1. Right, I135: at pLDDT 80 or above, farther than 18 Å from V24 by Cα, crowded, with 19+ Cβ neighbours inside 10 Å and of a type in the set (A, V, I, L, M) or not?
2. Please indicate, with yes or no, whether at least one residue in region 10-25 is over 27 Å from T199 (Cβ atoms), loosely packed, with under 15 Cβ neighbours inside 10 Å, at pLDDT below 75 and small (G, A, S).
3. Starting from residues that are surrounded by 18 or more Cβ atoms within 10 Å (Cβ to Cβ) and among the hydrophobic types (A, V, I, L, M, F, W, C), keep the ones in region 98-108 and report whichever is modelled with the lowest pLDDT.
4. Hey, does region 128-144 have a residue that's of a type outside the set (A, V, I, L, M, F, W, C), out of contact with any helix residue (DSSP H, G or I) (no Cβ under 9 Å at 6 or more places or on another chain) and at negative phi?
5. Could you say which residue among F94, F186 is modelled with pLDDT of 80 or more, among the aromatic types (F, W, Y), surrounded by 20 or more Cβ atoms within 10 Å (Cβ to Cβ) and not in a loop (DSSP other than H, G, I, E, B)?
6. Going through region 70-82 one residue at a time, which ones are in a helix (DSSP H, G or I) and either touching a strand residue (DSSP E or B) at 6+ places or on another chain (Cβ under 8 Å) or loosely packed, with under 13 Cβ neighbours inside 10 Å (or both)?
7. Filtering region 189-215 down to residues that are surrounded by fewer than 18 Cβ atoms within 10 Å (Cβ to Cβ) and touching a residue at least 60 places away in the same chain (Cβ under 8 Å), which residue is farthest from the chain's Cα centre (by Cα)?
8. On the basis of being touching a residue at least 24 places away in the same chain (Cβ under 8 Å), more than 26 Å from L71 (Cα to Cα) and hydroxyl-bearing (S, T, Y), does T162 make the cut?
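The values are calculated or read from the model by the stated rules, or taken from the named source; none is laboratory data. From a predicted model like this one, the values you see are computed outputs, not experimental measurements. Using ideal geometry, Cβ is built from the backbone for each residue, glycine included, and neighbour counts are taken over all protein chains shown.
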Amino acid sequence: MKKINIIAHVLIALSLLTIFGVTVFFLPFTTEEGHILGDWLKGETMMYLGTMKSIVGAAGSLCVLGIALMLIVRGKTIKRQDILAALFILLGIFTIIGSLTAFYPCVPMMKMNNRPMPCYWTMRTLLGFAGIIGISGALMLMFNRSKEIFSGLSMAFVVMCTLFILIPTKLNGICLSSTMICAQRFNPFVTVMGGMMLTMSVFNMFLLRKRSDDE
């Protein structure tokens, strides 16, 4: 059982680091000369993006496998913290995969001045936040037997999830037109995902406060 637990930890850690690294540092955007990579919908750029999606999908599957193994090993000792941490990891991964596939924002190319649209930068920021949320969820899953670490991560989740919602709505923003793809698909998707994570965070803080008062 101890070996399986170690394997689960390694799978979760490596898969989340892979997802975070690929989406933050290797999302195709510019060439060495600083120009946007050709036509986003054709040629090498689209193939590169497709490869990146495959890597993220495979890493996400391995992470789910690692979570399942860890929960199986813990068996009857599973606590609410374990389920909550697993949900944060899964929501973070689902947000990344959804943002890169079905709920992708507008094509990041403006035909007039060759500059990326605002929603592209918002997406890149949210991908980073979703990755950090997933990694924080993994830390919570691995170290939630420590009351201090669990409480600290719980407070951090409230802050991160609040920023996650504010970035597309108030801070970075998206394209101004309500007919744009980002306004119709991407923004509602990330708002719902952020709302779910924020609700979980606040509910968890409420339970922690109640338990602290009872003690």
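1. no
2. no
3. Restricting to residues being surrounded by 18 or more Cβ atoms within 10 Å (Cβ to Cβ) and among the hydrophobic types (A, V, I, L, M, F, W, C), the top hit is C106.
4. no
5. F186 is the lone residue from the list that is modelled with pLDDT of 80 or more, among the aromatic types (F, W, Y), surrounded by 20 or more Cβ atoms within 10 Å (Cβ to Cβ) and not in a loop (DSSP other than H, G, I, E, B).
6. First pass over region 70-82, keeping only residues in a helix (DSSP H, G or I): 70-77, 80-82.
Residues satisfying the conditions are G75, K76, T77, R80.
7. Taking the candidates together, the pick is L207.
8. Criteria met by T162.
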